[in-house]
């Protein structure tokens with residue numbers, strides 16, 4: 001038990017007080033000691049008097065100074081954020097006999113924040129804070145203590161770029177609070193909607209179609225951007241950003257960017273607004289006919305490639321199309337990418353302008369002379385050429401004449417005598433062949449060639465070789481119900497009708513001969529135009545019989561005719 005004694009100025013003990021005096025003095029000293037001792041867990045204000053490596057010394061107006069761990073003042077980079085003389089609010093956690101009072105700034109801040117939150121809730125639930133980071137399902141907000149902001153409550157139309165919200169300062173509405181669990185849920189969206197509602201009616205009342213307005217980009221999407229016009233949003237579609245080509249809206253727009261736009265459409269009932277930036281600028285298409293006359297040459301940059309052609313930017317907002325058919329005089333271009341690349345600078349010719357649909361047709365091949373205009377002079381009909389087989393089809397094959405110029409040999413012009421179904425049955429791709437120019441069609445850029453025309457048509461010589469009455473020998477190539485086809489020479493066949501096989505009735509040609517048999521026959525007629533030779537075996541027998549008869553008679557001194565003479569006579573008699 002403490003023995004309270006009276007202390008004189010020199011600090012020496014005096015005599016003990018009597019019981020009544022001692023009781024009175026004890027009460028006075030106890031009361032005084034309570035005044036000097038701060039209330040525990042109460043926030044007090046002090047002044048920093050010294051900053052050490054581990055401890056910050058704070059004067060809190062008492063006999064002893066307080067100590068706060070220096071770690072409570074270090075920022076994210078480890079720097080100490082307090083200096084001697086700074087006024088700070090702290091909380092006394094306990095009294096240490098050696099160090100004096102043990103204080104905490106963090107606990108003071110924590111209690112102050114909760115007091116602030118409590119006041120905010122009583123005043124309508126609005127509190128200041130800063131979005132500090134992302135967590136599962138939302139964000140963290142520093143309002144003195146850590147609070148949770150759901151993703152759905154971060155904005156009226158949340159951005160796909162969630163990182164853009166980090167560091168945003170503003171006002172938040174407290175929608176849920178539980179101090180016992182340190183759980184606070186906020187809404188930024190509610191505050192924004194209230195702010196927008198207060199100015200929305202004013203904005204809508206003043207808004208008109210055709211009006212030029214100022215706005216702030218709120219959110220950028222793949223198809224355009226939403227613009228805050230003051231309590232109400234307008235949609236700026238990507239097609240209305242520029243008269244020129246825009247790849248992605250993010251290439252030209254950023255959240256927070258200030259823009260000037262024109263109100264294109266305004267549905268006051270639904271509150272829908274369509275905006276355009278390009279409409280605030282002069283339409284470059286108005287000067288197109290004067291700047292780009294048809295037939296004129298113009299240079300531009302390839303900005304887009306499609307299967308069917310390439311788009312060339314002639315100037316900002318003005319593009320023309322080079323169709324694949326207008327890329328080369330001589331090559332069959334299937335894809336624009338086979339000839340051009342994005343970014344290529346090209347010189348073209350204006351082929352046509354469609355102002356209604358805002359289209360310009362360009363030609364790349366027209367910059368150089370069409371080689372087909374000189375082909376007819378270089379390769380007139382009848383000219384012999386030699387070239388490589390470039391390609392084959394069912395109907396013929398293409399032979400390279402010179403760079404980019406191919407000629408077609410149709411299957412019907414490959415042989416006078418053979419029936420060729422496919423060029424590959426006779427030729428190989430890449431082989432060198434000779435041919436004759438049959439026709440040059442400059443207008444349609446076609447060159448017709450023939451291989452069989454290198455040699456005379458054997459049928460043109462047939463009348464002289466196969467006169468009526470001539471005795472010929474051939475090989476059976478085909479048997480039909482109406483007769484037998486006999487090959488007299490390569491490509492030349494004659495037909496022996498069933499009626500000319502024998503004097504006796506023949507039921508079927510197949511009973512008379514077999515394919516590959518050699519038969520002797522007489523030429524009845526030769527028609528080179530129809531490519532037809534009629535033959536007869538029966539006439540050979542008739543003539544042979546007459547020859548035998550006349551030979552017999554000749555042996556009696558009555559005739560000197562030869563077999564050939566008798567054969568001719570027999571045939572002449574038959575034809576007469």
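Nothing in this text is a laboratory measurement; each read-out follows from the coordinates by a stated rule. Owing to the predicted nature of the structure, the values given are computational and were not obtained by experimental measurement. Counting neighbours? That spans all protein chains shown, and the Cβs are built from the backbone with ideal geometry, glycine included.
Exposure proxy ranking for 397, 92, 392, 306, based on other Cβ atoms within 10 angstrom of each Cβ and starting from the fewest, stands as 306, 392, 92, 397. Sorting 525, 431 from the fewest to the most surrounding beta carbons within 10 angstrom yields 431, 525.
Please state, to two decimals, what the Cα-based radius of gyration of the range 207-280 comes to when divided by 2.2 N^0.38 Å (N = residues). Display every interim value, and only then the final one.
On the way: Rg = 11.2 Å, N = 74, 2.2 N^0.38 = 11.3 Å.
Ratio of Cα Rg to 2.2 N^0.38 Å: 0.99.
The alpha-carbon positions of the range 132-238 define a convex hull whose volume is 106 Å³ per residue.
Kindly give the semi-axes, whole Å and largest first, of the ellipsoid equivalent to the range 372-454, taking each as the square root of 5 times a Cα gyration tensor eigenvalue.
Over the Cα atoms of the range 372-454, the semi-axes work out to 20, 13, 11 Å.
Both the radius of gyration and Dmax for the range 458-555 are 14.1, 45 Å, in that order, over alpha-carbon atoms.
Could you work out how much longer the chain between residue 89 and residue 297 gets when fully extended? Use 0.36 nm per residue separation minus the Cα distance between them, nm to one decimal.
Details: separation 208, 0.36 × 208 = 74.88 nm, distance 7.88 nm.
Value of the extension gain: 67.0 nm.
Between the alpha-carbon centers of the range 226-271 and the range 306-352, tell me the distance in whole angstrom. Going from one Cα centre to the other spans 32 Å. Extension gain, residue 52 to residue 417: 0.36 nm times the residue separation minus the Cα-Cα distance gives 120.0 nm.
Run the numbers on the range 316-360 and let me know its relative contact order in percent, using alpha-carbon pairs under 8 Å that are six or more apart. Numbers along the way, then the final one.
Values: 22 pairs, mean separation 17.1, N = 45.
Taking the mean separation of contacting Cα pairs over the length of the range 316-360, I get 38 percent.
Out of every Cα-Cα pair that the range 284-367 contains, those further apart than 20 angstrom amount to 25 percent. Based on Cα contacts under 8 Å between residues 6+ apart, the range 124-191 shows a relative contact order of 35 percent. Using alpha carbons only, how many angstrom separate the centre of the range 451-482 from the centre of the range 361-414? Measuring centre to centre over Cα atoms gives 34 Å.
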